[in-house]
Amino acid sequence: MKTYQFIHVAQHSDGIKKALRNIAILLVISVLAMIVAQFFYEGRVHDAVVYKRGMRLNVEVGWPATINAIASWGLVISSLGLIYIFFKQDLKRPPLAVSNDGLFINQQIFRNAFVPWNEIESVELRGHISSPVMRVFFKDASTVLKGQSFILKSIANATLKSNPSIGISKDEVIGDLVVMFDFISEKGVTVKEQMAGRSKNDS
């Protein structure tokens with residue numbers, strides 16, 4: 001894995017942390033429910049035959065079987081959720097960072113993507129100083145997507161086709177986007193600021 005010399009770094013948003021926590025809770029509850037259901041299976045669950053849409057099905061009847069079935073779905077959903085989050089983002093690396101050579105993006109439709117400054121068309125800063133939104137416009141989306149997995153690349157291609165850009169706010173990252181924006185402007189990238197609450201003397 002390539003190492004970059006980051007100067008300014010943002011952290012993963014609370015939304016990611018909450019999602020991981022909720023999925024972990026669902027996973028634990030599902031496993032515990034399945035274990036408890038197994039203790040009551042004998043004597044409380046019996047086999048039955050039901051007909052659905054002309055098909056003959058053998059099923060288990062009884063509340064432990066019902067609990068076990070629901071918990072099984074919870075286990076599947078939570079496992080898929082964890083796989084999706086870890087596949088989509090590398091949680092060991094920051095979601096956003098800047099270096100002297102370019103912009104590192106590890107969020108939304110990008111995983112560990114490094115975009116050199118000369119591949120960025122422009123950067124805009126909008127919103128209010130208390131909750132800024134930074135939008136990055138790319139010159140060529142295909143260049144930005146080099147090295148991405150097939151699935152992420154397919155999703156990103158569809159998203160970037162009409163508008164090769166990405167919006168970043170405090171919902172995605174925890175960090176000082178204003179400081180990053182100022183750093184990017186010093187690198188010669190075309191910038192546009194439409195943010196309230198900051199005078200030109202403060203920039």
Student exercise, the range 125-203 dipole from Lys, Arg, Asp, Glu Cβ charges, in Debye to nearest 20:
300 debye
Summing +1 for each Lys or Arg and -1 for each Asp or Glu, what net charge is found among the other residues whose Cβ lies under 12 Å from the Cβ of V133?
-1
Sticking with the crude label model, points 7 Å out along Cα→Cβ, report the distance from R56 to E186 in nm, one decimal please.
7.9 nm
Heavy-atom accessible area order for M195, M55, largest first, 1.4 Å probe:
M55, M195
Return the carbon/sulfur percentage of the accessible area of the range 1-156, one whole number, probe 1.4 Å, all protein chains in place.
62 percent
Mind putting a number on the dipole of the range 98-147 about its Cα centre? Charges go on the C-beta only, +1 for Lys and Arg and -1 for Asp and Glu, and I need it in Debye to the nearest 20.
160 debye
Lysine pairs, Cα distance under 13 Å, 8 or more residues apart or cross-chain: how many in the chain?
5
Note down the magnitude of the dipole of the chain about its Cα centre, charges +1 on Lys and Arg C-beta and -1 on Asp and Glu C-beta and zero elsewhere, to the nearest 20 debye.
440 debye
Output the peptides 77-83, 65-71 sorted from most to least packed, where packing is the average of other Cβ atoms within 10 Å over each peptide's residues.
65-71, 77-83
Helix-only mean residue ellipticity at 222 nm, the chain, DSSP H runs n ≥ 4 weighted -39,500 (n - 2.57), per residue, nearest 500. What is it?
-12500 deg cm²/dmol
Where the chain is the region considered: accessible area per residue in Å², 1.4 Å probe
61 Å²
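The values are calculated or read from the model by the stated rules, or taken from the named source; none is laboratory data. None of these values were measured; they are calculated from a predicted model. In this analysis, Cβ positions are derived from the backbone assuming ideal geometry, glycine residues included, and neighbour counts consider all displayed protein chains. Side chains included, ligands, DNA and RNA excluded: accessible areas come from the protein's heavy atoms. Shrake-Rupley method; radii C 1.70, N 1.55, O 1.52, S 1.80 Å.
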